[in-house]
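Asker: Quick one: structure below, then a few questions.
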Amino acid sequence: LMSRNSELRQLRRRWFHRFISDQEPVQTVGFKAMKHGPEHKGTYVGCFSDESRERTLKGAVFYDLRKMTVAHCQEACAERAYTYAGLAYGAECYCGNKLPATASKPEECNSECKGEKGSVCGGMNRLSVYRVEELRPGARRRRNVIYRGCFRAPENLTDTFPASLIQPNLTVEMCSEFCSKKEFPLAVIRGRECYCGYPTGRFSLHDGADGLELLKSHNANNEISSVLADTRCTDRKFLTTKSKVFVALSSFPGAGNTWARHLIEHATGYYTGSYYFDGALYNKGFKGEKDHWRSRRTICVKTHESGKTEIEMFDSAILLIRNPYKSLVAEFNRKYAGHLGYATDRTWKSKEWPDFVTSYASWWASHVLDWLKYGKRLLVVHYEDLKQSLIPKLREMVEFLNVTVTEDRLLCVENNRDGNFKRSGAKQKDFEPFTQEMKDLINRYILTVDEALRGRNFSGLPREYVPR
């Protein structure tokens, strides 16, 4: 229903991989060969190995394939109040408060920064590390803490939380600063006591205390308030051995595929792949975007394809389905305003929108019908169920992928559930985008898909799919 030129797509992939491989490493002898400039205000510490399993410089991680510079990484880490900034592979920036354990030879940091010719941004499994200074005097540092509410204290605080501090006139800022320096994501306060650790079965952040009376007395002996910025599940990698089962993460565009990939990657610790290449997603940390989709180094592969040939090459698939009304709106926004933007009212009222609905609504239906017909082994997941019951549904998806996940990692995912591609709020339009004719068309497709799902012994579509 939406044709794509396979030859052009393959040419684009080949060009991208050739572009990456043709980037010759900068020949340097340590830091002296690096380009110096007024923007490099941090103190260079040295070249370090990034192969250790210890969680160092992982307080924050981001990627920029085209524009990464030393200053860009330093400033990002400084604004987040981290002590060290490390760069690797010419395009990756890591922040943290502890130096990596193993130093490397200076010449092993030899990758040129993608956004700054002549400057070095680490190397393969090597970090160029800087001690961060406040790059802009007076700049506001963002600690990224999230208040999670009032909780009953566990029976043994010292067993539950590895680090603690007793301070008269203790403030949230003091406690979060103390825990951040020790690289713990969870800071809890009880009176003048500060404790640091991770959400665990003993303290899961699920059992918040209810009632105004309790909230008013949150410094009492049996209650604590908490702030959280959990980073335990940010570490991801490619599969160490090629997967024997080729799994698709299939959905209609706008059905939450990127969000599902975020959840899967952070729950399993492995990258997801993609049938396409999206530079915006790669720069946001989805490193599987530039890996060939048939490499089998990723835990599953994103696809919107629905042809017989494209479906049958996968051994199994997670089929993600979302309310077509919501999917159409999300994909129209993405098509005209990117992953995080909104199409203008003028675009909604143009002829683009009815043409879009006419072609894409039928694609929404045929996508599900084709996967039900040709898919070899399917797990059907409704976007709405995933939103409503995140951990049970995510656990079901991970089991389908044949990966064992710890409860701690699932807790971390729950505390980082949105990822980087959540549109800020729901922009309310002052008009109804769907005409009655559009609704009649979409509702017929909904009934057809519902009947097909039940015919394959899957649960039918949620009732909310049909507007009342």
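Asker: Can you tell me which residue is most open to solvent (accessible area, probe 1.4 Å) among those in region 271-290 that are over 24 Å from Trp371 (Cα atoms) and of a type outside the set (Gly, Ala, Ser)?
Answerer: This residue is Lys284.
Asker: Taking into account only those residues within region 73-96 that are part of a loop (DSSP other than H, G, I, E, B) and either more than 10 Å from Val132 (Cα to Cα) or not polar (S, T, N, Q) (or both), which is most open to solvent (accessible area, probe 1.4 Å)?
Answerer: Of everything passing the filter in region 73-96, Tyr89 is most open to solvent (accessible area, probe 1.4 Å).
Asker: Does Ala248 satisfy the criteria of being within 22 Å of Leu372 (Cβ to Cβ), in a helix (DSSP H, G or I) and open to solvent by less than 20 Å² (accessible area, probe 1.4 Å)?
Answerer: Criteria not met by Ala248.
Asker: If we keep just the residues of region 144-191 that are of a type in the set (S, T, N, Q) and touching a Lys or Arg at 6+ places or on another chain (Cβ under 7 Å), which is surrounded by the fewest Cβ atoms within 10 Å (Cβ to Cβ)?
Answerer: Ranking the candidates gives Gln167 first.
Asker: Mind checking whether some residue in region 334-348 is part of a helix (DSSP H, G or I), buried (at least 20 other Cβ atoms within 10 Å of the Cβ) and in contact with a helix residue (DSSP H, G or I) (Cβ under 9 Å, 6 or more places away or on another chain)?
Answerer: So far as region 334-348 goes, no, none of its residues is part of a helix (DSSP H, G or I), buried (at least 20 other Cβ atoms within 10 Å of the Cβ) and in contact with a helix residue (DSSP H, G or I) (Cβ under 9 Å, 6 or more places away or on another chain).
Asker: Kindly provide the set of residues from region 192-227 that are modelled with pLDDT of 80 or more and surrounded by 15 or more Cβ atoms within 10 Å (Cβ to Cβ), ordered by number. Can you show your working first?
Answerer: Going residue by residue through region 192-227, those that are modelled with pLDDT of 80 or more are 192-197.
Those that are modelled with pLDDT of 80 or more and surrounded by 15 or more Cβ atoms within 10 Å (Cβ to Cβ): Glu193, Cys194, Tyr195, Cys196, Gly197.
Asker: Which numbered condition in (1) closer than 23 Å to Thr448 by Cβ; (2) open to solvent by 30 Å² or more (accessible area, probe 1.4 Å); (3) in a helix (DSSP H, G or I) is the only one that Trp364 fails?
Answerer: The single condition Trp364 does not satisfy is (2).
Asker: Another question, then. Quick one: is Leu127 surrounded by 14 or more Cβ atoms within 10 Å (Cβ to Cβ) and modelled with pLDDT under 85?
Answerer: Considered against the rule, which asks whether it is surrounded by 14 or more Cβ atoms within 10 Å (Cβ to Cβ) and modelled with pLDDT under 85, Leu127 comes out as no.
Asker: Suppose the filter is surrounded by 21 or more Cβ atoms within 10 Å (Cβ to Cβ), over 11 Å from the mean Cα position of the chain (by Cα) and under 23 Å from Leu57 (Cβ atoms); does Thr268 pass it?
Answerer: For Thr268, the condition - surrounded by 21 or more Cβ atoms within 10 Å (Cβ to Cβ), over 11 Å from the mean Cα position of the chain (by Cα) and under 23 Å from Leu57 (Cβ atoms) - is met.
Asker: Taking region 300-328 on its own, how many of its residues are open to solvent by 40 Å² or more (accessible area, probe 1.4 Å) and assigned to a helix (DSSP H, G or I)?
Answerer: Going through region 300-328 one residue at a time, the tally reaches 5.
Asker: Mind telling me which of the residues Trp293, Trp353 ends up being part of a helix (DSSP H, G or I), touching a residue at least 12 places away in the same chain (Cβ under 8 Å), among the aromatic types (Phe, Trp, Tyr) and buried (at least 19 other Cβ atoms within 10 Å of the Cβ)? Let's see the steps before the verdict.
Answerer: On the way: Trp293 fails: part of a helix (DSSP H, G or I).
Going through Trp293, Trp353 in turn, just one is part of a helix (DSSP H, G or I), touching a residue at least 12 places away in the same chain (Cβ under 8 Å), among the aromatic types (Phe, Trp, Tyr) and buried (at least 19 other Cβ atoms within 10 Å of the Cβ): Trp353.
Asker: Right, next: Which residue out of Glu108, Glu112 is farther than 25 Å from Glu183 by Cα and either of a type in the set (Phe, Trp, Tyr) or under 27 Å from the mean Cα position of the chain (by Cα) (or both)?
Answerer: Glu112
The values are calculated or read from the model by the stated rules, or taken from the named source; none is laboratory data. Since we're looking at a predicted model, the values are computed, not measured. Every residue, glycine as well, gets a Cβ built from its backbone with ideal geometry; the counts of neighbours run over all protein chains shown. The area values use the complete protein model at the heavy-atom level, side chains included, leaving out ligands, DNA and RNA. Shrake-Rupley method; radii C 1.70, N 1.55, O 1.52, S 1.80 Å.
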